[in-house]
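The structure under discussion appears below in the form of structure tokens.
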Amino acid sequence: MNDHSTLADARSTPAAAGTLWYRTVTREQWRVLAAAKFGWMLDAFDFMLYAMALGPIRAYFGFDDATAGFLVTMTLVMSGVGGLVFGYVADRFGRARALMGTIVIFSLASLGAATSQSVLQLLFWRAVLGIGMGGEWASGAVLVGETWPAALRNRAISIMQSGWAIGYASAAIVAALVIGNPNLGNEGWRWLFAIGLVPALFTLWIRRNVQESPTWKARQKAPRGPNPFKVIFGPELLGRTLKIVALGGAVQFAYWGLFFWLPSFLSRPVAQGGAGMGVVGSLRWILLLQVGAYLGYLTFGFIADRLGRRRTFVLFMIGAAAIAPVYGQMARNPTVLLVLSPLLGYFGHGYFSLFGGFVAELFPAAVRATGQGTSYNAGRMAGAIGPYTIGAIATLPGVGIGLAIGATSAFFLLGALLIFTLPDRAGQALD
């Protein structure tokens with residue numbers, strides 16, 4: 001019996017007693033997970049290139065922290081637009097097709113950013129990259145959620161989400177090599193962005209090896225339903241949709257307000273409130289941060305299987321809220337930063353492994369990608385003011401970036417409260 005014919009049974013049947021869980025997963029399911037994981041990894045790589053090269057870019061164009069934060073805020077706002085658009089595209093034309101389209105978009109946008117001659121041009125290309133970024137998550141997470149067994153969904157989403165840490169760390173390594181190359185002068189950041197085109201090649205593998213989800217295929221045989229936006233904003237789902245937006249907004253304000261500024265905090269001079277390590281010197285701290293992040297993403301699902309998703313989410317929220325303000329005050333103590341980096345990475349990232357499966361379970365199949373992409377990314381749009389807000393706070397007299405990032409703790413704690421406003425359908429099969 002081939003992989004495709006056993007896929008429907010494997011999706012709904014938990015692992016038999018005594019059987020290692022990963023042996024129950026079909027080859028096609030692993031391919032789907034690989035596509036979503038590496039797509040998310042490449043998305044992170046292209047997005048974080050800007051944060052890694054922020055110092056040289058600020059010097060080249062001559063803008064301040066508030067403008068730097070505004071640029072990433074616009075990228076995140078447009079990622080909300082991307083999630084909305086490609087959620088609909090994924091429902092209408094297929095999850096795998098939408099996934100390929102988004103990877104091409106953010107890859108080409110990175111190349112376009114390399115040609116920027118003004119801040120306005122850079123803003124345009126980063127906005128286009130945001131569209132691809134938001135659409136990629138909406139497509140990939142739904143594809144995994146519909147393809148993997150309900151009993152293993154938490155673990156699958158955790159594995160997928162961990163791709164972000166690999167992409168983040170890869171961006172830091174490549175930036176250290178490129179920005180640190182004296183032969184490239186003050187335009188090394190252009191070469192860095194140009195390397196961001198490479199992920200487009202990954203779409204060739206997806207096209208040959210990844211099938212559409214059985215759930216989406218089955219829906220194509222049924223009569224087309226009402227406009228999906230009317231459904232998710234209709235009387236039955238409106239409250240649920242808005243609660244997901246609020247949860248995503250709180251969490252992503254905290255995340256982006258903190259982690260967008262961390263590379264800058266580590267690299268900028270002590271006189272400017274940073275740790276004074278430089279782009280190359282801060283690499284060890286960033287890599288430790290992402291080792292912690294990778295483990296956080298990866299273990300969240302396994303912990304959630306034991307403690308429950310909402311309890312695990314709250315644990316991560318409280319951990320991040322406690323560590324962030326302490327980390328921001330340790331600029332003059334690199335040893336403490338070294339110890340705290342993997343812990344901040346672990347608690348400050350791992351909770352994202354909740355969203356892919358948790359949100360997918362809250363919408364019916366006909367509007368799942370639209371609902372997941374719109375609600376989660378609308379939350380990202382709401383939280384997009386985080387980088388700008390933290391950057392603006394940092395410019396206030398006597399504040400600095402280290403003290404400013406501590407303000408994100410309040411939003412982590414808000415997320416811990418908002419999670420209880422939504423139902424948890426863990427382990428239930430998707431319709």
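The values are calculated or read from the model by the stated rules, or taken from the named source; none is laboratory data. The model shown is predicted, which means the values in this text are computed figures rather than measured ones. Because the Cβ atoms are built from the backbone with ideal geometry, glycine has one as well, and the counts that use them run over all protein chains shown. Side chains included, ligands, DNA and RNA excluded: accessible areas come from the protein's heavy atoms. Shrake-Rupley method; radii C 1.70, N 1.55, O 1.52, S 1.80 Å.
Miscellaneous remarks
- Long-range neighbours under 9 Å by Cβ, at least six apart or interchain, first residue outside any loop (DSSP other than H, G, I, E, B) within the stretch 204-220, second exposed (fewer than 15 other Cβ atoms within 10 Å of the Cβ): PRO214/HIS4; PRO214/ALA8; THR215/ASP431; ARG219/GLY225
- When the stretch 223-241 is limited to residues that are in contact (Cβ under 8 Å) with a residue 60 or more places away in the chain and either open to solvent by 10 Å² or more (accessible area, probe 1.4 Å) or hydrophobic (A, V, I, L, M, F, W, C) (or both), the one that is farthest from LEU337 (Cα to Cα) turns out to be GLY225.
- PHE93 vs. criteria open to solvent by 10 Å² or more (accessible area, probe 1.4 Å) and under 21 Å from ILE405 (Cα atoms): no
- Selection count where residues are open to solvent by 60 Å² or more (accessible area, probe 1.4 Å), at pLDDT below 60 and touching a helix residue (DSSP H, G or I) at 6+ places or on another chain (Cβ under 6 Å), scope the stretch 5-48: 1
- When the residues of the stretch 288-314 are filtered to those that are open to solvent by 50 Å² or more (accessible area, probe 1.4 Å) and either in contact (Cβ under 8 Å) with a residue 12 or more places away in the chain or aromatic (Phe, Trp, Tyr) (or both), the one that is nearest to SER264 (Cα to Cα) is LEU288.
- Qualifying residue in the stretch 302-311 (condition: out of contact with any strand residue (DSSP E or B) (no Cβ under 8 Å at 6 or more places or on another chain) and under 18 Å from PHE259 (Cβ atoms)): no
Okay, residues lined up against (1) part of a helix (DSSP H, G or I); (2) over 18 Å from VAL128 (Cα atoms); (3) without any contact (Cβ under 8 Å) to a residue 24 or more places away in the chain:
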residue: ALA34; (1), (2), (3): yes, yes, yes
residue: PHE38; (1), (2), (3): yes, yes, no
residue: LEU42; (1), (2), (3): yes, no, no
residue: PHE45; (1), (2), (3): yes, no, no
residue: LEU49; (1), (2), (3): yes, no, no
residue: GLY55; (1), (2), (3): yes, yes, no
residue: ARG58; (1), (2), (3): yes, yes, yes
residue: PHE63; (1), (2), (3): no, yes, no
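- Scanning the stretch 221-244 for residues that are in a helix (DSSP H, G or I) and more than 23 Å from the chain's Cα centre (by Cα) gives PRO228, PHE229, LYS230, VAL231, LEU238, GLY239.
- Spans of helices (runs of 4 or more DSSP H) in the stretch 299-362 with at least 1 residues charged (D, E, K, R) and under 20 Å from the mean Cα position of the chain (by Cα): 309-328
- Filter result for ARG268 (basic (Lys, Arg), at pLDDT below 90 and closer than 19 Å to VAL339 by Cβ): no
- Filter result (more than 14 Å from ALA360 (Cα to Cα) and open to solvent by 20 Å² or more (accessible area, probe 1.4 Å)) within the stretch 152-168: ARG155, ILE159, ILE166
- Output for the stretch 123-136, where each listed residue is under 13 Å from GLY196 (Cβ atoms) and either assigned to a loop (DSSP other than H, G, I, E, B) or touching a residue at least 24 places away in the same chain (Cβ under 8 Å) (or both): ARG126, VAL128, LEU129, GLY132, MET133
- Test result for LEU362, under 20 Å from LEU242 (Cβ atoms) and either modelled with pLDDT of 90 or more or among the hydrophobic types (A, V, I, L, M, F, W, C) (or both): yes
Each row is one residue, and each column tells you yes or no for (1) of a type in the set (A, V, I, L, M, F, W, C); (2) under 27 Å from MET100 (Cβ atoms); (3) open to solvent by less than 30 Å² (accessible area, probe 1.4 Å).
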| site | (1), (2), (3) |
| --- | --- |
| ALA176 | yes, no, yes |
| ASN183 | no, no, no |
| LEU192 | yes, yes, yes |
| LEU197 | yes, yes, no |
| ALA200 | yes, yes, yes |
